[in-house]
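Contents: one structure, followed by commentary.
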Amino acid sequence: MSPRLPAGLLIVALGCGSGAKPGSAGTAGQGGHAGVGGAGGMTSRGTGGTVDTGTAGTAGGATGGIAGAGTAGGGAGSRGGQGGGDSGGGAGGGADGGVSPLYPLGMNDVTILVPLPASGDTPRLLWAADLGDDGAALVPRSLFDRLVVAVDGGGSPVLNAATYDRLHLVAVRFDLCDRLSPGVCPEGEDGRMRLVFQSMFKGGTAEDVGFHAFYSIPRDQLGAAVTALRELAKAGPPGGDGLRVSPALSAAAPEAYAARLRAFVRRYGGASRLVRLTMNAQGQIFAQAHWILRGVEKTGDAFTDMPIVGSTATVESVILSSGSSYDVTPVADTPPGLRGALTQTLFAAADATTRLGALAALAATDNPLTHSTQTVPCVACHLSTVLMAARGPADATTIPGRYTSAFDLSTGGGESAKTPNTLRALGYLGDKPMISQRVVNETAQVLTEIQARW
């Protein structure tokens, strides 16, 4: 079993609903921290109707907790409504209590892969056009139109205009920073909520078309966001170890969890928080397996085209030539050895040292401590999982440079490792879930850093 919380990690109750339980004479309790002010209750508009998720919680007091003097200290702080914070309760140090473990988050609590809808007409959570709490669409139509234009400056667009109206929210991810640089997130940076949208067919299966939206969470709101995720995790069944389709949203009665998750997305989403939008799409104009990857990011008050790493181009074209071989334009050998991994014939013709270097490049691509989206081209993260399975040894853990963690790093909850005819890193191809190694590794790293900071 992968640990969801390091042994011995305890925290004095920060005004939580459960305080110290009565006991014999105790020492003075530690001072309580201020509770997080509650956000106002959110109304979620969904196809199924309107769900009111609660009123504002009470802001916590900044005064210290009451010391236990001969008796167990008082414990319980009041709990605000959904979306609200806790008021600052005193944390006494009675003999039998005084400390409470943080509710542990697991892989499926910070990366949430939404089950497919029963019909393409009704999303499980939200449409791309639905509004955040800022009153703006989660994915602005203008940015969608900008990304789907023809790659050669003329002719038909990569996707037709109606695709926008079929974009369902299929995955929610939380991170403590943008991870533009490899390594641990600095504490002074803003966090990120990442949303994945895919277009759905009428029968509720996914088209090989995806948009990845990044929203900024101000650094002073990160603690409240982590608290909200812990409350969300409490509302669902245990998530297990490995990343897979959300156990909470797959449960027999997922409505309460879905309403809370929908409120979380609305709170931290919306165009005013959007900092980046990328597209990874099998072009509807192409007869062959041909994907287009491109993106825009906010620079000042405007969105600018994102260059492909290792090039001045702003569009990356990927064609499946045969089996698990890909023709990539532009192609950059970053990390060194990547180019040799992309083509089966080049890999097979290489000597053992060169082949190991190509596999090491894939492992480095998947390691958030050594590479980021700013140091490897888009295609690297999207193909590393299937290429490692096709080119690597039976035990890929022997390849140097691989990311390691106490959390479960398996990708068995999805089929990315055995599906060469898609570049989907998190989402679906038809009715098959796709989960890449990079997504798994980043999820584990987020959990590791949350544990260290909260």
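The values are calculated or read from the model by the stated rules, or taken from the named source; none is laboratory data. Note that the structure is predicted; figures quoted are calculated from it, not measured. Neighbour counts are summed over all protein chains in view; Cβ atoms, including those assigned to glycine, are modelled from backbone coordinates with ideal geometry. Just the protein is used for accessible areas: all its heavy atoms, side chains included, with ligands, DNA and RNA removed. Shrake-Rupley method; radii C 1.70, N 1.55, O 1.52, S 1.80 Å.
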Looking at the range 317-331 only, could you name the residues that are assigned to a strand (DSSP E or B) and either among the β-branched types (Val, Ile, Thr) or in contact (Cβ under 8 Å) with a residue 40 or more places away in the chain (or both)? 317, 318, 319, 320, 326, 328, 329
Selection status of residue 389, closer than 21 Å to residue 434 by Cα and part of a helix (DSSP H, G or I): yes
Out of all the residues in the range 416-428, is one or more closer than 30 Å to residue 205 by Cβ, open to solvent by less than 50 Å² (accessible area, probe 1.4 Å), within 16 Å of the chain's Cα centre (by Cα) and among the polar types (S, T, N, Q)? no
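Per-residue answers, yes or no, for (1) in a helix (DSSP H, G or I); (2) open to solvent by 70 Å² or more (accessible area, probe 1.4 Å):
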| site | (1), (2) |
| --- | --- |
| 365 | yes, no |
| 374 | no, yes |
| 379 | yes, no |
| 382 | yes, no |
| 397 | yes, yes |
For the range 294-306, does any single residue satisfy the condition of being open to solvent by 60 Å² or more (accessible area, probe 1.4 Å), touching a helix residue (DSSP H, G or I) at 6+ places or on another chain (Cβ under 9 Å) and assigned to a strand (DSSP E or B)? yes
Selected residue [within 27 Å of residue 443 (Cβ to Cβ), within 27 Å of the chain's Cα centre (by Cα) and part of a loop (DSSP other than H, G, I, E, B)] from 314, 334: 334
Single residue of the range 273-289 satisfying the filter (open to solvent by 20 Å² or more (accessible area, probe 1.4 Å) and more than 20 Å from the chain's Cα centre (by Cα)) that is nearest to residue 177 (Cα to Cα): 282
Look at residue 190 and say whether it is at pLDDT below 95, within 30 Å of residue 363 (Cβ to Cβ) and either open to solvent by 20 Å² or more (accessible area, probe 1.4 Å) or of a type in the set (Phe, Trp, Tyr) (or both). no
Report, ordered by the first and then the second residue, all pairs with beta carbons closer than 8 Å, sequence separation of six or more or different chains, a first member in the range 438-454 that is without any contact (Cβ under 8 Å) to a residue 60 or more places away in the chain, and a second member that is open to solvent by 10 Å² or more (accessible area, probe 1.4 Å). 448/405; 448/406; 448/407
Given (1) buried (at least 19 other Cβ atoms within 10 Å of the Cβ); (2) assigned to a loop (DSSP other than H, G, I, E, B), identify the lone condition not met by residue 170. (2)
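The rows are residues; the columns are (1) touching a Leu at 6+ places or on another chain (Cβ under 7 Å); (2) of a type in the set (Asp, Glu); (3) open to solvent by 10 Å² or more (accessible area, probe 1.4 Å).
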residue: 221; (1), (2), (3): no, no, yes
residue: 224; (1), (2), (3): no, no, yes
residue: 231; (1), (2), (3): no, yes, yes
residue: 237; (1), (2), (3): no, no, yes
residue: 246; (1), (2), (3): yes, no, no
residue: 250; (1), (2), (3): no, no, yes
residue: 263; (1), (2), (3): no, no, no
residue: 269; (1), (2), (3): yes, no, no
